[in-house]
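Structure first, commentary second.
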Amino acid sequence: MSYQPKIIAFFCNWCTYTAADLAGVSRLKYAPNVRVIRVMCSGRVDPQFVLDAFAKGADGVLIGGCHPGDCHYVEGNYKALRRYQSLKRMLNDMGIEDARFRLEWISASEGEKVKTVVNDMVQQLIPLGALNLPQRFLDWDKEMNLLEEEIHTKEKEQQTKEELVYA
Ligand code: FES
């Protein structure tokens, strides 16, 4: 079977979650790669939730919230947008590609948009392959250990040189 990316989706209860429900009821077929986690507002999505999802093996994370001006908690989605932008920069620095993290405004009546966004995200993730962050963490740990060893060796060499000079 070909590679199938795993996507964790945090959907706002009042809009995108309802839209996903509508998509299901309307029998709009979207890729089965998504595990939806219902949150009360997109502003409830702590950056740690996103990092945890990637750290535990997600290939992509999708946040779905109410359109600007429609948030039931007034400004939750603006907060989500600010967090999204800064988290995206941080993820880029970690080498995590743009397509792996996405924020979309999807109202309760936009079941069709859920389908389009999910299918589109899956299509963008397939060529990227598995993120495999748990393995990358292990590789980074190895690199750090090697670097530490190298520094210790250099320090020892320097110390020996100094001891010889002052002997
Ligand atoms: Fe939906 Fe805030 S209630 S984004």
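Quick look at the values:
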quantity	calculated
Residues of region 141-164 satisfying the condition of being among the basic types (Lys, Arg) and modelled with pLDDT of 90 or more	Lys142, Lys154, Lys156
Subset of region 50-63 (residues that are within 14 Å of Arg102 (Cα to Cα) and without any contact (Cβ under 8 Å) to a residue 40 or more places away in the chain)	Leu51
Test: residue in region 4-14 that is among the hydrophobic types (A, V, I, L, M, F, W, C), over 24 Å from Tyr73 (Cβ atoms) and assigned to a loop (DSSP other than H, G, I, E, B)	no
Among residues of region 122-167, those that are over 24 Å from Leu91 (Cβ atoms) and in contact (Cβ under 8 Å) with a residue 40 or more places away in the chain, counted	0
Residue ID - surrounded by the most Cβ atoms within 10 Å (Cβ to Cβ), chosen from residues in region 15-74 that are closer than 19 Å to Val117 by Cβ and charged (D, E, K, R)	Asp59
Residue ID - nearest to Cys12 (Cα to Cα), chosen from residues in region 46-81 that are in a loop (DSSP other than H, G, I, E, B) and near the ligand (Cβ under 9 Å from one of its atoms)	Cys66
Residue list for region 82-109, filter: among the hydrophobic types (A, V, I, L, M, F, W, C), more than 9 Å from the ligand (Cβ to nearest atom) and within 21 Å of Ala23 (Cα to Cα)	Leu103, Ile106, Ala108
When residues of region 15-45 are limited to those that are in contact with a Lys or Arg (Cβ under 8 Å, 6 or more places away or on another chain) and assigned to a loop (DSSP other than H, G, I, E, B), the one farthest from the ligand (Cβ to nearest atom)	Lys29
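The values are calculated or read from the model by the stated rules, or taken from the named source; none is laboratory data. On a predicted model such as this, the values are computed, not experimentally measured, just so you know. For neighbour counting, all protein chains shown are included, and Cβ atoms are generated from backbone atoms with ideal geometry for every residue, glycine included.
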